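Asks: This is the structure I have questions about; it appears just below.
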Amino acid sequence: MSHDQRPTTPLTPELLRLATEHRTPHTERTPVPQRRRADTVAAELPPPLDRHPNQRLPCLTAMRGQLPGRLYVLKPGVTALGRGVANDITLNDSGVSRCHAQLEVSDDHVELVDLGSSNGTFINGRRVEIARLDDRTKFSLGTRVTLRLDWLDADDRAFQQKQFESLTRDALTQCHNRTYLDEEFLRAASIAHRSRKPLSAMVLDLDHFKHVNDRWGHAMGDAVLRAVAQALRDTVRGDDVLARVGGEEFVLLMPETDLETATAIAERVRSSVKATQLAAPGESVVAVTVSVGVASLREADPVDPEALLALADARMFLAKDRGRDQVVSTGGLAKSDAVWRMGTDRSSRSLTALPQRKSKPRRRRTTVDDRTKRPSGEPLTDPSPNPTAAPADDPAT
């Protein structure tokens, strides 16, 4: 039987109905379940905003009681705040408890929890135990330390850090300035006292620096200062604090460093600076040397930053007197004989031995009446003598 002669099934109404129900036209598409559609769209979107590495992160900005503008970037988890050295952020203020408060940081919010502090934690003048911090919320620990929570992106963090650096660094040498040193010195001394760890300081002064300025000019003097600062940065350790405190004077703060180790570091610094030479006009070479004084906190009396720096400064002057280009770590002023005025530059700082003076009784000031040559206030005629009064030369008076 040929193809054209095949028997055909008659198309009944029942067959036509079944064919219509099971047919899928080519223009129709299988509908996607709603849940699957949402998952597909979410997979195509970028990750959430707070999880992106360049998006906003919670940060603390110091407003009062610490160096203004100092930035602390918070990490997810718990951040401890207090005066104790074991805290994640150490706040050197007597009004702050050792374990004062903590911040519980998550992806989208920060919660402040007071840890039973003595002087309390405050938001807008109201004492709180637990509080959720919104963006740009200021809170106080005790009465003298104020911090602010900011959610900052990478550009904002870089800008604020740059602003802080401009306030705490010397523009010429890029070393820290005196403001930063004073704050760090107080904090380091407090930590050393509580943890019973050593703390040492080094005072360096360039030798014959005035001769450099007088012979080659201030431009060469600036070049010498920049070269010496770079030599110091290349020699000191990462935890040390290097600051320029005067025209040609630098201070190096060395936490957790005893006197012997600090003296060895000072010798390396002196050698590094001596190896620094700059070409000057006329085929001459500018050679640079430094005189260095080193002291430790345990030698100071009283045990405080001012006495430590005073002792190191006195030993630096001993190095000058002994011929310059050397390190002195012994001798110097006797204990309690010197005062270092922190917070001022060298031109207004006084470092002098305090003489032991005997206190004298204060003498009452009197004026003389020109007409009577008697102390003013006395009558013009002498009163009648008092028979019970003691004579002027009586020892009883």
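Asks: Would you confirm whether any residue within region 242-258 is over 14 Å from Leu204 (Cβ atoms), under 23 Å from the mean Cα position of the chain (by Cα) and part of a strand (DSSP E or B)? Explain how you work it out, then say what you get.
Replies: Of the residues in region 242-258, the ones over 14 Å from Leu204 (Cβ atoms) are 255-258.
Within this subset, residues satisfying the condition of being under 23 Å from the mean Cα position of the chain (by Cα) are 255-258.
This time we only want the ones that are part of a strand (DSSP E or B), so: 255.
Among the residues of region 242-258, at least one is over 14 Å from Leu204 (Cβ atoms), under 23 Å from the mean Cα position of the chain (by Cα) and part of a strand (DSSP E or B), which makes the answer yes.
Asks: Tell me the residue from Asp239, Asp205 that is modelled with pLDDT under 95 and of a type outside the set (Lys, Arg), please.
Replies: On the way: Asp205 fails: modelled with pLDDT under 95.
The unique qualifying residue is Asp239.
Asks: Related question: Just to be sure before I move on: is Leu67 open to solvent by less than 60 Å² (accessible area, probe 1.4 Å), farther than 23 Å from Asp182 by Cβ and touching a residue at least 24 places away in the same chain (Cβ under 8 Å) in the structure I sent? Before the answer, list the steps.
Replies: On the way: open to solvent by less than 60 Å² (accessible area, probe 1.4 Å): yes; farther than 23 Å from Asp182 by Cβ: no; touching a residue at least 24 places away in the same chain (Cβ under 8 Å): yes.
When the stated conditions are applied, Leu67 does not pass them.
Asks: Working carefully through the options Glu256, Glu249, find the one that is open to solvent by less than 20 Å² (accessible area, probe 1.4 Å), touching an Asp or Glu at 6+ places or on another chain (Cβ under 8 Å) and charged (D, E, K, R). Lay out the reasoning, then the answer.
Replies: Values: Glu256 fails: open to solvent by less than 20 Å² (accessible area, probe 1.4 Å).
After applying the criteria, what remains is Glu249.
Asks: Counting only residues that are out of contact with any helix residue (DSSP H, G or I) (no Cβ under 6 Å at 6 or more places or on another chain) and open to solvent by less than 10 Å² (accessible area, probe 1.4 Å), which one in region 259-285 is nearest to Met220 (Cα to Cα)?
Replies: Ala266
Asks: Residue pairs, Cβ under 7 Å, 6 or more apart or interchain, first in region 87-106 and without any contact (Cβ under 8 Å) to a residue 24 or more places away in the chain, second in a strand (DSSP E or B) and open to solvent by 10 Å² or more (accessible area, probe 1.4 Å). List them.
Replies: Asn87/Ala80; Asp88/Thr79; Asp88/Ala80; Cys99/Ala80
Asks: Name every residue in region 121-147 that is open to solvent by 40 Å² or more (accessible area, probe 1.4 Å) and either on the phi > 0 side of the Ramachandran plot or assigned to a strand (DSSP E or B) (or both), in order of residue number. Spell out the reasoning first.
Replies: So the first thing to find is which residues in region 121-147 are open to solvent by 40 Å² or more (accessible area, probe 1.4 Å), and the list is 122, 124-127, 129-130, 132, 134-136, 138, 143-144.
Answer for region 121-147, where residues must be open to solvent by 40 Å² or more (accessible area, probe 1.4 Å) and either on the phi > 0 side of the Ramachandran plot or assigned to a strand (DSSP E or B) (or both): Phe122, Asn124, Gly125, Arg126, Arg127, Ile130, Arg132, Arg136, Lys138.
Asks: Where in region 150-223 are there helices (runs of 4 or more DSSP H), lying wholly inside it, with at least 3 residues that are of a type in the set (A, V, I, L, M), open to solvent by 30 Å² or more (accessible area, probe 1.4 Å) and farther than 28 Å from Thr90 by Cα?
Replies: Numbers: elements: 154-168, 178-195, 209-216.
Of the helices (runs of 4 or more DSSP H) lying wholly inside region 150-223, none has at least 3 residues that are of a type in the set (A, V, I, L, M), open to solvent by 30 Å² or more (accessible area, probe 1.4 Å) and farther than 28 Å from Thr90 by Cα.
Asks: Here is a further query. Within region 259-266, does at least one residue satisfy the condition of being part of a helix (DSSP H, G or I) and closer than 20 Å to His208 by Cα? Step through it out loud before you land on a result.
Replies: Kept after step one, since they are part of a helix (DSSP H, G or I), are these residues of region 259-266: 259-266.
Within this subset, residues satisfying the condition of being closer than 20 Å to His208 by Cα are 266.
Yes, the conditions are met somewhere in region 259-266.
The values are calculated or read from the model by the stated rules, or taken from the named source; none is laboratory data. Worth saying up front: this structure is predicted, and the values here are computed from it rather than measured. Ideal geometry is used to build each Cβ from the backbone, glycine not excepted, and the neighbour counts take in all protein chains shown. Note: areas computed on protein heavy atoms with side chains; ligands, DNA, RNA excluded. Shrake-Rupley method; radii C 1.70, N 1.55, O 1.52, S 1.80 Å.
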